[in-house]
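The values are calculated or read from the model by the stated rules, or taken from the named source; none is laboratory data. These figures come from a predicted structure and were not determined experimentally. Virtual Cβ from ideal backbone geometry, glycine too; neighbours counted across all protein chains shown. With ligands, DNA and RNA removed, areas are computed over all heavy atoms of the protein, side chains included. Shrake-Rupley method; radii C 1.70, N 1.55, O 1.52, S 1.80 Å.
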Amino acid sequence: PIPPALGEALISLDADVLLLNEFVDGGPDRDALRDQLREAGYLYFATSSAPPRHNQVFAASRLPIEIGDINAPTQPDSHAETNFLHLRLGGGTGLELIGLRAPAYKSAGERRAYWSDLTAILRAAADRALVVVGDLNLDPFKKLSDVDDSVAFPEAEMFRAERPDGPWSFASLHDASRNSRIDHVLHTATVSVSGLRYLYVAGGVDLVGPESPHKGDHAILMFRASTAL
């Protein structure tokens, strides 16, 4: 369920663009969320296509957006495709966005197939003003020193990841010891990214944990992006 309190929390962020992962379209609460956001000035919407029972990526923007031409990965299955949304952002920004959730594949073979396909897609788009944001289901900083605030992304080194402020982005609702930092922003050399931080409360609403209105298990990742050249 998507309760009105979550919409109020999102609106309180005053962001230009909102990207939601693990979104499953359909139902009156989804329509109500769009109405809520529209009243707050979010006039442009996009959702990745999906067959039933697949997670999607949902975008709401105050700036014009259009679906871009970067195709989603297709390996190892259809979940790789539905958890990917490429957008061209208007308003004179010159930016492109990819909202992403890397599915939590169980087998090593599935994970290799997915990341091989995705990183090939990213490498082919390295010359664009592109930002990739979402749940990577991995932490590129995990084995690095705390002083490393920026790192080339493995297998797609033309993209960099910046370390967000905050101790974790995912909190298991069943096991508090499983907190991890798996939500990140990647960007090409022609993009500058700053102000990255995880938010656990917005507009007085708990975003994560059993007390959150939607039983959330991910924090919000906020950041600012602009063309660097």
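Using a probe radius of 1.4 Å on heavy atoms only, what accessible surface per residue do you get for the chain? Whole Å² is fine.
Heavy-atom SASA per residue in the chain reads 49 Å².
Diffusion of region 76-161 by Stokes-Einstein, at 37 °C in a medium of 0.692 mPa s and with Rh set to the Kirkwood radius over alpha-carbon pairs, works out to 232 µm²/s. Counting only Cβ charges, +1 for Lys and Arg and -1 for Asp and Glu, the dipole size of region 96-229 around its Cα centre is about 180 debye. Accessible surface for His214 stands near 60 Å², nearest 10, in the context of the full protein assembly shown (1.4 Å probe).
Subtracting the Cα-Cα distance of Met158 and Asn179 from their residue separation scaled by 0.36 nm leaves 4.7 nm. Size descriptors for region 135-227, from the alpha-carbon set: Rg then Dmax equal 14.1, 41 Å. Taken over the C-alpha atoms, region 3-75 has Rg and Dmax values of 12.7, 38 angstrom.
Kirkwood radius for region 80-126, taken over all pairs of different Cα atoms as the inverse mean of 1/r, rounds to 12.2 Å.
The C-alpha radius of gyration of region 189-229, expressed as a fraction of 2.2 N^0.38 Å, stands at 1.55. Remark: region 62-166 carries a charge dipole of roughly 120 debye about the Cα centre, counting +1 on each Lys and Arg Cβ and -1 on each Asp and Glu Cβ.
Rounded to the nearest 20 debye, the dipole size of the chain about its Cα centre is 300 debye, using +1 on the Cβ of Lys and Arg and -1 on the Cβ of Asp and Glu. For the chain, the relative contact order is 17 percent, taking Cα pairs closer than 8 Å that sit 6 or more residues apart in sequence and dividing their mean separation by the residue count.
Here the accessible area is traced with a 1.4 Å probe on the protein chains. For the chain, carbon and sulfur cover 51 percent of it.
Size descriptor for the chain, Kirkwood hydrodynamic radius: 18.0 Å (Cα pairs only, one decimal).
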